[in-house]
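Student: Before I ask anything, here is the structure I am working with.
The values are calculated or read from the model by the stated rules, or taken from the named source; none is laboratory data. In this text the structure is predicted, and so the values were computed from the model without any measurement. Don't worry about glycine lacking a Cβ; one is built from the backbone with ideal geometry, like all the others, and counts go over all protein chains shown. Surface areas here come from the heavy atoms of the whole protein model, side chains and all, with no ligands, DNA or RNA. Shrake-Rupley method; radii C 1.70, N 1.55, O 1.52, S 1.80 Å.
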Amino acid sequence: MLSLFKTKPLVSKEEESWLIDAFIWACDNFDGQYFLEHTQVIEPTGQFFPDQVSSVEQMAQTVFNRVRDYAGLQVWPVQLVNPNQMMPQQIVPFKFVASNRGADAQILNPPSMPMSLSYNPNQINQPQDLVASLAGSLALMMVYQKGVMPPGGKEQIPAASDALACYLGFGVMMSNTVYQFKGGCGSCYNPYANRQAALTEPQTVFMHALICHFKPKVDGKKHLKPHLRSMYKQAQKQIKVLLNESANPYLLALEEKRHAQLS
């Protein structure tokens, strides 16, 4: 009878293990100190996206600028181009003096040409998909630029890019755009506007909740779709048990810093 009252974990132990490994991989390779001190949990509100725009191109560029800066990639040589201008490119590795994110980051050997990203014009009327897609594209670019494979190797790069986008602060939009309901009006549903997600809803929500755990002053479920909020609570409980039982020195150090924020 007692088993009826146990909280069901949101993700399996195998999934949990990979997501934790992906988080530690992100901290190790993409400036964990910047994550602790500066990363915000970005919300789909006018506070984070206050700009007024008058064209598709202006909206795409404005959102890109916001996403890039919130991700801490202000000095990275990357530009947004129109879809019809996007050409195949080779990402050239470059090195940083110290920190690789933030306005004070310095590149030792900047490439002669900036890296290019583009956008999906169909997402202009689905801004959360646009934000999540751009965050995912930047995360994918970061993985290839760094050249350090995520847990599970090359075949896990798409999933790791989704996880990294959450780590950069975009877990709300990443979670909200894993799956889009068709709704009651077929003419209102545009499948070409949907983000191509590599993590499932539970996996994405778990990663988002893990990021928010280390941002204790943030209500990570406030702007999630209603059906995701119960998943978020499940994730919180699973993460609490995990961290209470973990002997991982990295996680223990992060927990210590989290408690310092609360004191």
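Student: For the subset of the range 78-100 comprising residues that are open to solvent by 50 Å² or more (accessible area, probe 1.4 Å) and not in a loop (DSSP other than H, G, I, E, B), which member is farthest from F30 (Cα to Cα)?
Tutor: Restricting to residues being open to solvent by 50 Å² or more (accessible area, probe 1.4 Å) and not in a loop (DSSP other than H, G, I, E, B), the top hit is N84.
Student: Next question, about the same structure. Would you point out the residue of the range 195-224, among those that are among the basic types (K, R) and closer than 15 Å to Q40 by Cα, that is least open to solvent (accessible area, probe 1.4 Å)?
Tutor: The selected residue is K215.
Student: Go through (1) open to solvent by 70 Å² or more (accessible area, probe 1.4 Å); (2) closer than 18 Å to A71 by Cα; (3) modelled with pLDDT of 90 or more; (4) of a type outside the set (K, R) and name the single condition A160 misses.
Tutor: A160 satisfies all of (1) open to solvent by 70 Å² or more (accessible area, probe 1.4 Å); (2) closer than 18 Å to A71 by Cα; (3) modelled with pLDDT of 90 or more; (4) of a type outside the set (K, R) except (1).
Student: Take the residues in the range 103-115 that are modelled with pLDDT of 90 or more and surrounded by fewer than 16 Cβ atoms within 10 Å (Cβ to Cβ); name whichever of them is nearest to L138 (Cα to Cα).
Tutor: Here the residue is P114.
Student: Checking the conditions here, which among I211, I239 is touching a helix residue (DSSP H, G or I) at 6+ places or on another chain (Cβ under 6 Å), closer than 18 Å to A159 by Cα, at pLDDT 95 or above and in a helix (DSSP H, G or I)?
Tutor: I211
Student: Another one. Kindly list the number of the only condition in (1) in contact with a Gly (Cβ under 8 Å, 6 or more places away or on another chain); (2) under 20 Å from K215 (Cβ atoms) that fails for I20.
Tutor: Answer for I20: the failing condition is (1).
Student: Right, here's the next one. So K221 fits all but one of (1) more than 11 Å from D162 (Cα to Cα); (2) at pLDDT below 95; what number is the exception?
Tutor: Exception for K221: condition (2).
Student: For the range 37-54, does any single residue satisfy the condition of being open to solvent by less than 80 Å² (accessible area, probe 1.4 Å), not in a loop (DSSP other than H, G, I, E, B) and not charged (D, E, K, R)?
Tutor: no
Student: For residues in the range 244-263 being part of a loop (DSSP other than H, G, I, E, B) and open to solvent by less than 60 Å² (accessible area, probe 1.4 Å), which is nearest to A26 (Cα to Cα)?
Tutor: If we take residues in the range 244-263 being part of a loop (DSSP other than H, G, I, E, B) and open to solvent by less than 60 Å² (accessible area, probe 1.4 Å), then N248 is nearest to A26 (Cα to Cα).
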